[in-house]
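Working notes for the structure below.
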Amino acid sequence: MNINKVFPSTYLKASDLNGGEINAVIDSCTEHEIGEEKKPMPVLGFRDNSLLVLNKTNWNTLLGSFGGEDTDEWNGRNVTLFVAQVSFQGKVVDGIRIKVPQASEQKALMQAETIDLDTEVPF
């Protein structure tokens, strides 16, 4: 029996990435109440409807790359999610980290999203 099927999570976890990387487009950044103590935390929403609870490290990565007084300025931006060994409650565990593609990679990813595959290409 797969524990992730028995206890599905609303939010992405490191095991969801299967040790690889995922390119994602930010759709929103909202506040959710997380955990039993209902602690308010920022959560990134992606265009594929997946959600990632932001920790301080990932928040600072986004802030350093995209800046902005308002997280709405992050919408439409491309990021890459990857698995890294992190320290959590005194233990080393797999966690999700965010990296931001370079400007040229950002442009290529954004153009790839706008390609209409139903359009006939004249040759």
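Read-outs: derived from the displayed coordinates by stated rules, not from any lab. The shown structure was predicted, so the numbers you read here are calculated from the model rather than taken from an experiment. In this analysis, Cβ positions are derived from the backbone assuming ideal geometry, glycine residues included, and neighbour counts consider all displayed protein chains.
If R0 is 35 Å, the Cβ-Cβ spacing of D16 and E73 corresponds to a FRET efficiency of close to 0.85. With R₀ fixed at 30 Å, the C-beta to C-beta distance from R97 to V6 puts the FRET efficiency at about 0.65.
From the Cα gyration tensor of the range 35-85, with a ≥ b ≥ c the square roots of its eigenvalues, which class applies: rounded if a/c is under 1.5, or else prolate if a/b is larger than b/c, or else oblate? In terms of gyration-tensor shape, rounded.
Annotation for I34 and V86: the two label points, set 7 Å from Cα along the Cα-Cβ direction, are 0.8 nm apart.
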